[in-house]
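Each remark here refers to the structure printed beneath this line.
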Amino acid sequence: MVAAISRAVTANTWQNAMNSLIRKVWVSVTHRSGSPSGSGSISNPNPVSEYDRFLQMMYIQTSSTGDFDRIPIDIFMQILKILGPRESARLRAVCKSWKFSVSDNRLWIYFLQNQPEPWDAVYFAEAHLRSGWPLRAFPAQMHDLSFMHIYGQRVEVPGAIIIDGGSGYCKYGWSKYSSPSGRSATFLEFGNIESPMSSRLRHFFSTICSRMQVKTSTQPIVVSLPLCHYDDTESAKGSRRQLKDAIYSTLFDMNVPAVCAISQATLALFAARRISGIVVNVGFHQTSVVPILHGKVMHKVGVEVVGMGALKLTGFLRDRMQQNNIHFDSLYTVRTLKENLCYVALDYEAELSKDTQASFAVSSDSWFSLSKERFQTGEILFQPRMAGVQAMGLHQAVALCMDHCHDAELTADDNWYKTVVLAGGSACLPGLAARLEKELYGLLPISISSGIRVIPPPYGTDSAWFGAKLVSNQKERCKADELDRYDARIRLSTLEILFKFSSISWYLDHPACNGPVNDITSAFIGC
Ligand SMILES: Nc1ncnc2c1ncn2[C@@H]1O[C@H](COP(=O)(O)OP(=O)(O)OP(=O)(O)O)[C@@H](O)[C@H]1O
């Protein structure tokens, strides 16, 4: 067995490493309150002599597999945790019993929990999204998944470029990073990217790739599909497909090896770790209320659209400030005040009688004070007439959508539409989720309203970007694509690219992969 260990771990460093490791494990175990004591008990009143015996067992008798087998399993697990994923994976080669212990899901959950990506995001992605369309209505159970395998695949996967091209602001960056690396004003730089003009799309994508300093031929891209052409008519379906086709063919013409395009609303729902629910996206120009079942937008149930968005909110605040003789230099000031002082009142009438004055410095020496404007701005989402807009309020649009979902009877479980996920920058207004929830309970009959929950934007303005991150960091991510025509090509390309990236070091040297990825990857090859 010693020979096997020596093959797996560098022989010269083994003794020293084990020495300090065992001391660490010993300290950690003896300091743990309520530590279980089985055979080879560690809860001895005389820790020094027990430690000596422990050392004897570890070193003096290393020639016998039996002595290693007598290490209590929790101590063995502590050793593995301290050794880390790479060394642990290597120790599987020692013997069957170590192979079995190293494969324990709890160990790899621990390693995954100690990575930058949140554990619940990893679990959601693996349990719901890995198998691609149709998404799993009932998630894979924890014990059905091998987290060691998952860990290895997530280390190997090269990640992707994510481009969330919002109608106001575009967010882009590497899926292995913790947030988008850049943002640009879509409307100023590229006009309306929803219009499927290939030259415009090409300019849009190539500008982003050059800002990220990446060759298009080397990176898979996950792109969000804008919310547009909402109806269930043949012509709306045709327009949606046309836009999607234009995005795919533009990117493939730019030699992008793999593309995955998913609706912006679906991605925002993924960011909230959900595959079904209603996404309320308070967008740049308008607000959309999108029912989504198992990751698919339910156009046949109906997407509600309200002509009220971020631009209207900023415009309303600007007008109010002008009426109240509050002078400002630019719309940037108004926008900043909106983002930092405005909120949505739970009870609008009651709020009017309160002292709500507050101040904010937009640049170091310009202080601005707002009072009623602070909550009147967000109120136009519920009372569009205050801004001169003839439209239904947000709560009415969501209630209507819920009514349609209820009537459609799409699943035996009638609760799928009762989770409402807010998305879009303006949905970050404090108090919006609570107010919407309150209004929905007031508007809907108890049979529909019971159990409704409104969730604030899980990642602020970047929810769709984060939803794409969940898809991107999975090996099977491109199966999630729903575009049949390109499906085979996308999957093939992805497999090729994954193979290429896991076997050469070019990608691993890329700044997108921080940490000792190269080493860990090689530890998994052949596991
Ligand atoms: N904390 C905040 N409170 C209020 N508004 C905010 C906040 N953060 C960002 N915003 C607003 O969100 C708007 C941008 O939203 P977002 O980035 O979601 O637009 P978009 O993705 O381009 O829209 P669309 O969904 O139409 O494509 C800006 O007007 C900004 O002022």
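When you check Glu189 against the structure, is it surrounded by fewer than 16 Cβ atoms within 10 Å (Cβ to Cβ), away from the ligand (no atom under 16 Å from the Cβ) and over 25 Å from the mean Cα position of the chain (by Cα), yes or no? No.
Conditions tested, residue by residue: (1) at pLDDT below 95; (2) assigned by TED's automatic domain parsing to the domain that holds Tyr172; (3) touching a Leu at 6+ places or on another chain (Cβ under 9 Å).
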| residue | (1), (2), (3) |
| --- | --- |
| Val398 | no, no, yes |
| Cys405 | no, no, yes |
| Thr411 | yes, no, yes |
| Asp414 | yes, no, no |
| Pro430 | no, no, no |
| Leu440 | no, no, no |
| Leu443 | no, no, no |
| Ser447 | yes, no, no |
| Pro456 | no, no, yes |
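Restricting attention to region 208-233 and to residues that are in contact with a helix residue (DSSP H, G or I) (Cβ under 7 Å, 6 or more places away or on another chain), hydroxyl-bearing (Ser, Thr, Tyr) and not in a loop (DSSP other than H, G, I, E, B), the residue that is surrounded by the most Cβ atoms within 10 Å (Cβ to Cβ) turns out to be Ser224. Just one residue in the set Ser426, Ser463 is within 13 Å of the chain's Cα centre (by Cα), at pLDDT 95 or above and assigned to a helix (DSSP H, G or I); that residue is Ser463. Filtering Arg335, Arg318 for residues that are part of a helix (DSSP H, G or I) and within 31 Å of the chain's Cα centre (by Cα) leaves a single hit, Arg335. Restricted to region 406-433, and to residues there that are among the small types (Gly, Ala, Ser) and within 15 Å of the ligand (Cβ to nearest atom), the residue that is surrounded by the most Cβ atoms within 10 Å (Cβ to Cβ) is Ala423.
Condition check ((1) in contact with a strand residue (DSSP E or B) (Cβ under 6 Å, 6 or more places away or on another chain); (2) within 19 Å of Leu429 (Cβ to Cβ); (3) modelled with pLDDT under 95; (4) not β-branched (Val, Ile, Thr)) across all residues:
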site	(1), (2), (3), (4)
Val303	yes, no, no, no
Phe316	no, yes, no, yes
Arg320	no, yes, no, yes
Phe328	no, no, yes, yes
Leu337	yes, yes, no, yes
Asp347	no, yes, no, yes
Leu352	no, yes, no, yes
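If you filter region 364-381 down to residues that are over 23 Å from Ala427 (Cβ atoms) and in contact with an Asp or Glu (Cβ under 9 Å, 6 or more places away or on another chain), you find that the one that is modelled with the lowest pLDDT is Ser366.
Whenever a residue of region 333-354 is more than 10 Å from the ligand (Cβ to nearest atom), its partners that are basic (Lys, Arg) and part of a loop (DSSP other than H, G, I, E, B), lying with C-beta atoms within less than 9 angstrom and at least six residues away or across chains, give the pairs Ala345/Lys354; Glu351/Lys372; Leu352/Lys372. Filtered by the rule that a residue be among the small types (Gly, Ala, Ser) and at pLDDT 95 or above, region 248-269 gives Ala265, Ala268. What about Arg154, is it within 16 Å of the ligand (Cβ to nearest atom) and at pLDDT 85 or above? Judged against the criteria, Arg154 is not a match. Take Ser198 and decide whether it is loosely packed, with under 14 Cβ neighbours inside 10 Å, away from the ligand (no atom under 16 Å from the Cβ), touching a residue at least 24 places away in the same chain (Cβ under 8 Å) and closer than 30 Å to His229 by Cα. Judged against the criteria, Ser198 is a match. Can we say Ile162 is of a type outside the set (Gly, Ala, Ser), part of a loop (DSSP other than H, G, I, E, B) and within 16 Å of the ligand (Cβ to nearest atom)? Answer is no for this residue.
The values are calculated or read from the model by the stated rules, or taken from the named source; none is laboratory data. In this text, all values refer to a predicted model and were calculated from it rather than measured experimentally. Backbone-built Cβ (ideal geometry, glycine too); neighbour counts: all protein chains shown.
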